[in-house]
Amino acid sequence: MNERDSEIIEQLLARSGYVLVDEPETADLILINTCSIRDKAEQKVYSLLGQLAPLKKENPDLKIGVIGCVAQQEGEKISKRAPYVDLIVGTQQIYRIPSILDRLATGRPTREIATDLKSSYIIPAFQKLLRGTPPSPTPAEFRKFVTIMQGCNNYCSYCVVPSTRGREISRSVADIVEEVRILIDQGIKEITLLGQNVNSYGQTNPVDDHAVSFADLLHRVAEISGLERLRFTTSNPKDLSKDLIGCFAEIDILCPHFHLPVQSGSNAVLQKMNRKYTREIYLEKVAELKAARPDIALATDIIVGFPGESDEDFSRTMDLLETVRFHGSFSFKYSDRPNTRSADFADKIPEDIKKERLKRFQTRQDQISLEQNKKYVATLQIVMVESSGEGKVKGRTVTNHIVHFPCPDNVLPGETLSVRITRAGKHSLQGERNTDI
Ligand code: SAM
Ligand code: SF4
């Protein structure tokens, strides 16, 4: 999400004549785009600002800005702790950055803070701007993210997103389809549709297409000629519909890889997290996904050490890992975040127990990932090239596995090649090019 926001800002500023430089010392404008999903985000921003302060002394014309989630969360507090910051721009106001910079250039005002959370998707000018200006891909680019919705209405008790990104709102189908079409015309082969909870796409559309579900949107995007691979992220399992599961059987270019964050295997913890599903419902959906697409690779997010998580609760998470056998996962120690309900929960888990649980989970996940990856050995996989050089190629399978293989030919990012898998590691596969076809 932040990566895509950075791209939008880069594109907006390019229109105003800005060019990217490699070193902060040579910049006239430094923007720090921030994420505050987990611990220490604020501290990291203040520490970076401290490092940039001397540059401002050397070059008084340098403008420094903090944008994104930490800007949204901290607002004016940032200018109190770092008075040399010129602009503080929240998640929904990034489209205003060029006009803010124009005003700052006149010397009045000397600082601007824009943290209104009203969704920019309901501002027609922003939609037009997104539609008309997807950033032009460089020759090495073959895949892009396309944002389909902003914000989130779910209020999981640990999560900062509803307060930093605001209420959920979906972009219109027409806008999304047009942006994908432009990207494909520019040579993009793979699109990932992006939202905090794509499963509830369409429930909060600002302008049109009220009847369109996420499953409908996937069908519409998949029909666009020239698109080779379609992915999406992220999904709250509570909104995973049968229609969406059916898409994995119906849409050829929908990649058989699903990131479905479960967070915990304990019903007591899931309830305190306000996730609105049980482990039984999650396992049912996993079974339906595997039935619809037997080759699907499942990945997840896990939080260990949520307030009140007992040894028994944690063992339910370990047991869920054994049952589903995720191909991979992102796992985190729980951390208190501002403006979240769980920050006020009692029974916080001590740091050493969180650390030990995380290690146990990650060690077992690594073993399972290796076992899952070994199943690909001796199979043929279609690999989309990501980079190549010195006779070596790195690419990705439809199941999202990284594959390394030797290849003397000059191959370009986005090309697809048939590769026979020869070895499996826990995080990637190795192979050799199959030239039989
Ligand atoms: N929307 C997705 C969902 O509903 O599952 C999750 C997106 S969230 C931006 C990314 C991940 O960060 C979460 O799945 C969760 O595992 C982790 N996360 C969020 N808040 C956290 C917290 N307070 N402590 C630790 N991990 C957290
Ligand atoms: Fe956060 Fe995801 Fe829950 Fe929304 S659905 S509040 S983004 S964890």
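The values are calculated or read from the model by the stated rules, or taken from the named source; none is laboratory data. Predicted model, so just to flag it, every value in this text is computed and none were measured. Don't worry about glycine lacking a Cβ; one is built from the backbone with ideal geometry, like all the others, and counts go over all protein chains shown.
Of note:
- Residues located in segment 22-39, provided they are under 16 Å from E3 (Cα atoms) and within 16 Å of ligand 2 (Cβ to nearest atom): C35, S36, I37
The rows are residues; the columns are (1) more than 24 Å from K189 (Cα to Cα); (2) within 16 Å of ligand 2 (Cβ to nearest atom); (3) without any contact (Cβ under 8 Å) to a residue 24 or more places away in the chain.
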position	(1), (2), (3)
S331	yes, yes, no
D347	yes, no, no
Q365	yes, no, no
N373	yes, no, no
I382	no, no, no
K392	no, no, yes
H401	no, no, no
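- Checking each residue in segment 305-326 for being within 23 Å of the chain's Cα centre (by Cα) and within 14 Å of T363 (Cα to Cα) picks out L321, R325, F326.
- Those residues of segment 153-184 which are away from ligand 1 (no atom under 16 Å from the Cβ) and without any contact (Cβ under 8 Å) to a residue 12 or more places away in the chain, in sequence order: none
- Matching residues, segment 400-437, being in a loop (DSSP other than H, G, I, E, B) and polar (S, T, N, Q): N400, N410, S428, N434, T435
- Test: residue in segment 362-373 that is within 15 Å of ligand 1 (Cβ to nearest atom) and closer than 25 Å to M273 by Cβ: yes
- G226 satisfies every condition listed in (1) within 23 Å of the chain's Cα centre (by Cα); (2) modelled with pLDDT of 95 or more; (3) more than 25 Å from R325 (Cα to Cα) except (1).
- V212 meets the conditions (1) in a helix (DSSP H, G or I); (2) more than 16 Å from ligand 2 (Cβ to nearest atom); (3) within 25 Å of K276 (Cβ to Cβ) in every case but one. The failed one is (1).
- The residues in segment 212-266 that are among the hydrophobic types (A, V, I, L, M, F, W, C) and within 13 Å of ligand 1 (Cβ to nearest atom) can be counted, and the count is 5.
- Members of segment 107-119 found to be within 13 Å of D61 (Cβ to Cβ) and of a type outside the set (G, A, S), listed by number: T110
- The residues in segment 220-273 that are more than 27 Å from E312 (Cα to Cα) and of a type outside the set (D, E, K, R) can be counted, and the count is 25.
- Any hit, segment 243-264, residues being outside any helix (DSSP H, G or I), of a type in the set (V, I, T) and closer than 17 Å to I176 by Cα: no
- Subset of segment 286-342 (residues that are in a loop (DSSP other than H, G, I, E, B) and among the aromatic types (F, W, Y)): F306, F326, Y334
- Extreme residue, farthest from ligand 1 (Cβ to nearest atom), among residues of segment 267-276 that are surrounded by 17 or more Cβ atoms within 10 Å (Cβ to Cβ) and in contact (Cβ under 8 Å) with a residue 60 or more places away in the chain: K272
- Residue list for segment 293-332, filter: within 9 Å of ligand 1 (Cβ to nearest atom) and within 23 Å of S235 (Cβ to Cβ): T300, D301, I302, I303, V304, F306, F330, S331, F332
- Whichever residue in segment 15-46 is closer than 16 Å to I88 by Cα and among the small types (G, A, S) and, among such residues, is modelled with the lowest pLDDT: A41
- Applying the criterion of at least 3 residues that are free of Cβ contacts under 8 Å to residues at least 60 places away in the same chain and more than 22 Å from the chain's Cα centre (by Cα) to the helices (runs of 4 or more DSSP H) found wholly in segment 6-123 leaves 41-58, 76-81, 97-105.
- Selection within segment 292-332 - crowded, with 17+ Cβ neighbours inside 10 Å, in contact with a Leu (Cβ under 7 Å, 6 or more places away or on another chain) and either more than 11 Å from Q263 (Cα to Cα) or at pLDDT below 95 (or both): I296, L298, V324, F326, H327
- The residue of segment 365-405 that is surrounded by the fewest Cβ atoms within 10 Å (Cβ to Cβ), among those that are on the phi > 0 side of the Ramachandran plot and modelled with pLDDT of 95 or more, is A378.
- For segment 33-54, the set of residues classified as among the hydrophobic types (A, V, I, L, M, F, W, C) and either in contact with a helix residue (DSSP H, G or I) (Cβ under 6 Å, 6 or more places away or on another chain) or farther than 16 Å from A82 by Cα (or both) consists of C35, I37, A41, V45, listed by residue number.
- Hey, L49 closer than 19 Å to I97 by Cβ and out of contact with any Gly (no Cβ under 6 Å at 6 or more places or on another chain) or not: yes
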